[in-house]
Amino acid sequence: MSKWHKLKRTDLKDFLSRLAEKWEVWVPYRVDGKWEFGIYAPDREMDFPESVIHVSMKNLFFPKRRPIAKYEEDSKWSMQPVAADDKPRIVMGLHPCDVAGIEYMDKVFLNSEHKDVLYESERKRTVLVGMLCSEMADNCHCTDRGLTPDSASGMDVAFAKVDDYYLFKGMTDRGKEIMQSEYLKAVGDAPEKRKWPAGKYAIASPEEFMDMYDDKIWHELSDICLTCGICTYACPTCVCFLVTDEKFKGKGERVTVWDSCQLQSYSRMAGGHNTRKTPASRVRNRTLDKFAYSHLRYGQISCTGCGRCVMVCPLKRSFPQLGARLSERIRDKKKSKAGTGARSKED
Amino acid sequence: MKAMRKKIKELFANGDVDVVLGYREDPASGEVKASVFKKDEMLEDMVFDERCVQNLVNYLPTLVARYSKVGIVLKGCDGRSLATQLVEHRINKNQIVALGVGCEGVKVGGKDADKCEDCPTSMSPVTDHEIGDKKQKKDPVFSKVEEIEKMSPAERWKFFAEYFERCERCYACRQICPSCYCEICVADQQEPKWIEPSAKLSANTMWHLIRAYHLAGRCADCGECERVCPQEIPMRLMNNALEKAVHELFGVRPGMDPEELPPLVVLSKEDPDTIMGGKHE
Amino acid sequence: MATIELVPEPAMIKKVIQESRDVKSYVLKLDKSRKIAARPGQFVEVSVQGFGEATFAVTRTSKDGSDFTISVKRMGHLTKMLHRAVRGDMVGVRGPYGNSFPVDAWKGKDIVIIGGGIGLAPLRPIIDHILQHREDYGKLEIIFGARTPEDILYKEDLGIWENDETIQLHTTIDVPFEGWNGRVGVVPVVVKDLALKPDSRVAVVCGPPIMIKFTVAALRELKWSDDRIYTTLEMKMQCGIGQCGRCNIGEKFICKDGPVFSLDQIPEHAL
């Protein structure tokens, strides 16, 4: 395998500027106190945050509003598909949980006979330069979702922040192309591996969650939830969307727009019938989707433990805590086998 | 606090309530959150202080569907909110036990909440039990609205457009608002599609304007829409601009009188408009 | 360039049939002369440009696959726009999508088709298939319920089925109606009255949710086992290809794993 390479922090700008000659380079920027990705500009102050970046990879690969076709409004039918973007791109500074989010999106959009070619072209044009975490932030719980904060799995290039330099390592052929840089010097030492805490938000198995469908706890769990859509927008794996036509000055676009199972309109049919009318039914759908349905469909639970849902919740409700509490109830139920024996605490 | 807990214990003991909506301090995190208290359950964690910002009225419709008697802890502003719901017949008062608590003002992010500036009453206008002092206050000044009114239309548009641009259309503002309860929200209507679902300036502007106008004369200024907005859009400012207009035209502050219909649903010859042949010159 | 699955291809309306007061059928032909080979039970996504798209069961495919038919009940904004469309208009089509009724596995069996209102639309291709392969199947019994005589669909077909000696057809309306001399009573009651025996039969039920629920209850009362009762579920669908998320029942997507299920494949709350 290839070696770890050292990049002096003082060389970072030159390194990135050189990459930007060939690639569209995306790096983290802080905007109004929140981290998001933007196209690299040498005169704009950037950094690689240790902990989770507020805006998830979903925004870069499957944006909130995505045109899929264009049409002329005054015609009966003139819909033409949009062209996919194929400019080579580097996304630098994403974390292992972001990689897990991308892997989940791949399963939704690529592993079927009807793959999403626009998503596919975003994936194909992008080289993932991932940063190994050096700490777990307040809401981070990826270790309870089967991930490791300093795992390079799924990255094209992995890097770590060490003192006043970075350590880079090419993981794939695409990644090695980026490693061909005069600013990178091969070194012997790898970044130190850490032992990470786990267990605070441990969850039950997907099969056990499936048994909770008819449990009365959903009412309690959803008592205080507003069922707004913000957690689903922030979530790296909540990729539900709607398809709609939008017109402006005679020009029309057919677009996909993120939708949210937490909103009443999501499951309401023409004619008014709604299969998920109550907040409890909507909270149940999202929770079971994260911990069970996703696994049964794709073999991967759709919670990466990134904690973004907690960060954005207007009421500071903790979804990881909800998962843990449900799991506790599953254990209690198993113990008592009475089915309704356990009394649960309010969130 | 002791008096409140004692009262609630009493209500539970007498079977006057099945559950009580109140505020709970999470012993682990120290955060104060809305909570549904059941008999003999965690009452020791119940709090009432300047951290109890959330208006709990919006939870009532779901709870009265599940329980026959629901108690609720109310600040002055929350009580006004409840009054607007009662007068619109959204909730049946017979199912509610209103616990008014004298409010000394609340804090958001360590600072006095903006909404407290123009607060007309420390005590809920609707109560079954009152704990603490009742202080009535002066007429509103709407200082922030006046600042906006001094701007030119172009400046004002620039000011608001910057915020509207950021809206994510998560609808947290709608979801927490007691007065936003349409069976099918205008934002979700398909026929006609008044508002496009994607988050962009034109559609977002439509959403925010329609939302504010639908609340004119009904909004009791609990300020929750603004507080829960993840993009910090100044929604109270829009609500207040309409509240100010309603106050100037009709002399009404929504929610102060649980018997009074919202001024915009009443047709009266006394209305300050020529449409009813009224006194407007 | 690879085609974007979510972008429809154009199709022309070849014929419009007024089926009942609020249902019209459209015979569609794809512009690029691609043939549509919809198996019984499959559906398509049909778009009106500028107004989005909606899901419709393919209710008939021409023998050579050059055109196909959908039936549209006026419900929401898109169906209203479709109802304004006339012969020669263009719409967009994606599909066909979804699984289908296991008509091959049903060979040799007696088939009972139970449709309520527009719910007959996705079932008509089964009847067509059986009539085209008549010797492969046993008895065919059709129960069709409409709210009033004015809501009866596919009158031409009903006439043909009525006169076909190999078919037993029961048409019923929900409540008495002036001038109607036929059977009166909701579908579940008719099912009970006929005392349908499971024997070697398969029943296929489709209609409004309440009709499905009570018809299933009636069949179960008559000792039908769940693996013999099939239905095609309707739910809000959008993408048709298992990606947009909203049509799930548990981990299953109706658009991808369905819409056809036997009752033993779905949880009770799905009905």
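The values are calculated or read from the model by the stated rules, or taken from the named source; none is laboratory data. Values in this document were obtained by computation on a predicted structure and should not be read as measured data. No Cβ is skipped: glycine too gets one built from the backbone with ideal geometry, and neighbour counts run over all protein chains shown. Side chains are part of the model used for accessible areas, which takes the heavy atoms of the whole protein and leaves out ligands, DNA and RNA. Shrake-Rupley method; radii C 1.70, N 1.55, O 1.52, S 1.80 Å.
Computed values, structure above
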| read-out | value |
| --- | --- |
| Taking N as its residue count, the alpha carbon Rg of segment B:94-166 over 2.2 N^0.38 Å | 1.57 |
| Å² of accessible area per residue within chain A, as computed with a 1.4 Å probe and no ligands counted | 42 |
| Global form of segment C:1-150, assessed from the alpha-carbon gyration tensor, a/c cut-off 1.5 | oblate |
| Cα centroid separation, segment B:74-88 to segment C:43-88 (Å) | 48 |
| Length gained when the stretch B:GLU104-B:SER202 is fully extended (0.36 nm per residue, less Cα-Cα span) | 31.2 nm |
| Residue among C:GLY116, C:GLY65, C:GLY95 with the largest mean-square fluctuation in a Gaussian network model of chain C, springs linking Cα atoms under 10 Å | C:GLY65 |
| Given chain A, longest segment not containing exposed loop GluC sites (Glu not before Pro) (DSSP; at most 16 other Cβ within 10 Å) | A:193-347 |
| Inter-label distance for C:TRP180 and A:ASP86, nm, one decimal - labels placed 7 Å from Cα along Cα-to-Cβ | 6.1 |
| Lys, Arg +1 and Asp, Glu -1 on Cβ, resulting dipole of segment A:6-158 about Cα centre, debye, nearest 20 | 240 |
| Residues with amide H under 5 Å from that of C:GLU19, placed H, sequence gap 5 or more | C:LYS24, C:SER25 |
| Gaussian network model of chain B, Cα within-10 Å springs - most flexible of B:GLU243, B:GLU117, B:GLU147 | B:GLU147 |
| Free-standing Cys, chain C [no other Cys Cβ under 4.7 Å] | C:CYS206, C:CYS247, C:CYS255 |
| Helix C:209-221 vs. chain C, principal-axis angle (Cα, 0 to 90°, nearest 10) | 30 |
| J(HN,Hα) series, segment C:99-104, from Karplus relation 6.51 cos²θ - 1.76 cosθ + 1.60, nearest Hz, glycine and proline x | 7, 8, 5, x, 5, 5 |
| Whole-angstrom gap from segment A:219-243 to segment C:110-169, using each part's C-alpha centre | 43 |
| Whole-angstrom gap from segment A:259-285 to segment B:145-212, using each part's C-alpha centre | 22 |
| Net charge contributed by nearby residues that have their C-beta within less than 10 Å of A:LEU110 (K/R +1, D/E -1) | 0 |
| Square roots of 5 times each gyration tensor eigenvalue, C-alpha, chain C, largest first, Å | 29, 21, 18 |
| Number of partner chain Cβ atoms within 10 Å, mean per residue of A:242-251 | 5 |
| Helix-only [θ]222 nm of the protein assembly as shown, DSSP H runs n ≥ 4, -39500 (n - 2.57) each, per residue, nearest 500 | -7500 deg cm²/dmol |
| For C:GLN168, residues with placed amide H under 5 Å, excluding near neighbours | C:LEU140, C:GLU141, C:ILE142 |
| Full-extension gain in nm, C:LEU131 to C:ASP89, via 0.36 nm per residue minus C-alpha separation | 11.9 nm |
| Built amide H within the under 5 Å cut-off of C:GLY52, gap 5+ | A:ASP245 |
| Calculated from backbone phi, Karplus (6.51, -1.76, 1.60) coupling profile of segment C:68-78 in Hz, x at Gly/Pro | 8, 10, 10, 10, 10, 8, 6, 10, x, 5, 6 |
| Largest-first principal axis extents, alpha carbons of the protein assembly as shown, Å | 84, 81, 69 |
| Cα pair distances of chain A binned at 10 Å [whole percent] | 5, 22, 30, 24, 14, 5, 1 |
| Using θ = phi - 60° and Karplus 6.51 cos²θ - 1.76 cosθ + 1.60, couplings along segment A:183-200 (whole Hz; Gly, Pro as x) | 7, 9, 10, 5, 9, x, 7, 9, x, 5, 7, 10, 9, 9, x, 8, x, 5 |
| Among A:LYS176, A:LYS316, A:LYS195: highest mean-square fluctuation, GNM of chain A, C-alpha pairs under 10 Å | A:LYS195 |
| Cα lying deepest toward the dipole's positive end in the protein assembly as shown, options B:LEU56, B:ALA220, C:HIS269, charges on Cβ | C:HIS269 |
| Heavy-atom accessible surface that B and A bury in contact, both chains counted, 1.4 Å, Å² to 100 | 3000 |
| Shielding by other protein chains, B:166-177, mean Cβ within 10 Å | 6 |
| Inter-chain Cβ neighbour average for residues C:259-269, partner chain, 10 Å | 1 |
| Inter-label distance for A:LYS200 and B:ILE210, nm, one decimal - labels placed 7 Å from Cα along Cα-to-Cβ | 4.2 |
| Pair A:ALA186, A:HIS114: separation of 7 Å Cα→Cβ label points (nm) | 5.0 |
| Accessible area buried at the A-C interface, both sides summed, 1.4 Å probe (Å², nearest 100) | 3600 |
